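Below is one structure, written out as structure tokens; comments come after it.
The values are calculated or read from the model by the stated rules, or taken from the named source; none is laboratory data. Computed from a predicted model, the values in this text were never measured in an experiment. Virtual Cβ from ideal backbone geometry, glycine too; neighbours counted across all protein chains shown.
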Amino acid sequence: MKRVRCIWKGTVQDATIDAAGILRDASGRPLPEGEITWLPPFTPGTVIGLALNYKDHAQELGMELPREPVLFIKPANTFVGHMAPVIYPSGVSYMHYEAELAVVIGKTGRRIQREHAFEYIKGYTIVNDVTVRDFVTNMFRPPIRAKGFDTFGPIGPCLVDRDDIPDPHRLDIRTYVNGELRQRGNTEDLIFRIDEMIEFISSFMTLSPNDVILTGTPRGISHVFPGDTMVVEVEGIGRLENQVVAE
């Protein structure tokens, strides 16, 4: 099932998207998409990202491949819904998208073994891990400032139940800017797979419901500017669209 949260007529709705792509409220009534405001499909807890988790992305940045997961935290102020504006901060020189499959945790766990990792997953969604490259330097690591601006975490449009994605390691990922394909990859190319991520992270911290793991982005980042429209697609989940606006 594809689960959605939105505002319609001033009220927050827990809704779903059916097999025909129709948005419906909890009673099954269709909701007019032109009249709603999309929200993140759930309230994220702790959000942990993996840097350099695709070989081709590490190569495009001239970075060595990591020997263990390289982690960062994505703060709560970044998260906005589908169709929400993403603010281009004044004074920066290079801002880009990062298309990511996001894993949403469904139950509390610590020291989770790989063979049991998928039992702790609620589902999957899309995150655009927007980044200002100006601040990704040795002096600014971990990249909190680079990835922590308000609106820098579009998420959604829906949360897809775990069992509706039979193999999360075989999903196409694409990013379009103004209709132009800029980024394309597949989760089969992840350096650290999802079960490895869960085992590693839970080895030192407790994972709780609605915590999120960002699995990394493939090759193909490029500059975006105010007025651009970013669309991130992940196979089996949908398309997450946001426009860049000047601060």
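List of remarks:
- All of Ala146, Ala102, Ala117 fail the test of being in a strand (DSSP E or B), touching a residue at least 12 places away in the same chain (Cβ under 8 Å) and under 24 Å from Met197 (Cα atoms), apart from Ala102.
- Subset of segment 231-245 [farther than 27 Å from Leu65 by Cβ and assigned to a strand (DSSP E or B)]: Val231, Gly238, Arg239, Leu240, Glu241, Asn242, Gln243, Val244, Val245
- Any hit, segment 38-55, residues being surrounded by fewer than 20 Cβ atoms within 10 Å (Cβ to Cβ), modelled with pLDDT under 95 and not in a strand (DSSP E or B): yes
- Among the residues of this structure, Phe192 counts as one that is closer than 14 Å to Ala117 by Cα and either in a strand (DSSP E or B) or modelled with pLDDT of 95 or more (or both).
- Scanning segment 25-32 for any residue that is modelled with pLDDT of 95 or more and under 20 Å from the mean Cα position of the chain (by Cα) turns up nothing.
- Candidates Gly185, Gly216, filtered to the one that is assigned by TED's automatic domain parsing to the domain that holds Asn53, on the phi > 0 side of the Ramachandran plot and surrounded by 15 or more Cβ atoms within 10 Å (Cβ to Cβ): Gly216
- Val12 modelled with pLDDT under 95, within 27 Å of Ile105 (Cα to Cα) and among the β-branched types (Val, Ile, Thr): no
- Scope segment 145-201; condition out of contact with any Lys or Arg (no Cβ under 9 Å at 6 or more places or on another chain) and among the hydroxyl-bearing types (Ser, Thr, Tyr); matching residues: Thr151
- Members of segment 110-129 found to be among the basic types (Lys, Arg) and either in contact with a strand residue (DSSP E or B) (Cβ under 8 Å, 6 or more places away or on another chain) or within 24 Å of Pro75 (Cβ to Cβ) (or both), listed by number: Arg110, Lys122
- Unique match (being surrounded by 19 or more Cβ atoms within 10 Å (Cβ to Cβ), of a type in the set (Phe, Trp, Tyr) and under 15 Å from Ile213 (Cβ atoms)) among Tyr97, Tyr124, Tyr88: Tyr124
- Which listed residue is modelled with pLDDT of 95 or more, in the same structural domain as Val132 (by TED's automatic domain parsing), surrounded by fewer than 16 Cβ atoms within 10 Å (Cβ to Cβ) and closer than 22 Å to Arg67 by Cα, from Ser203, Ser208: Ser203
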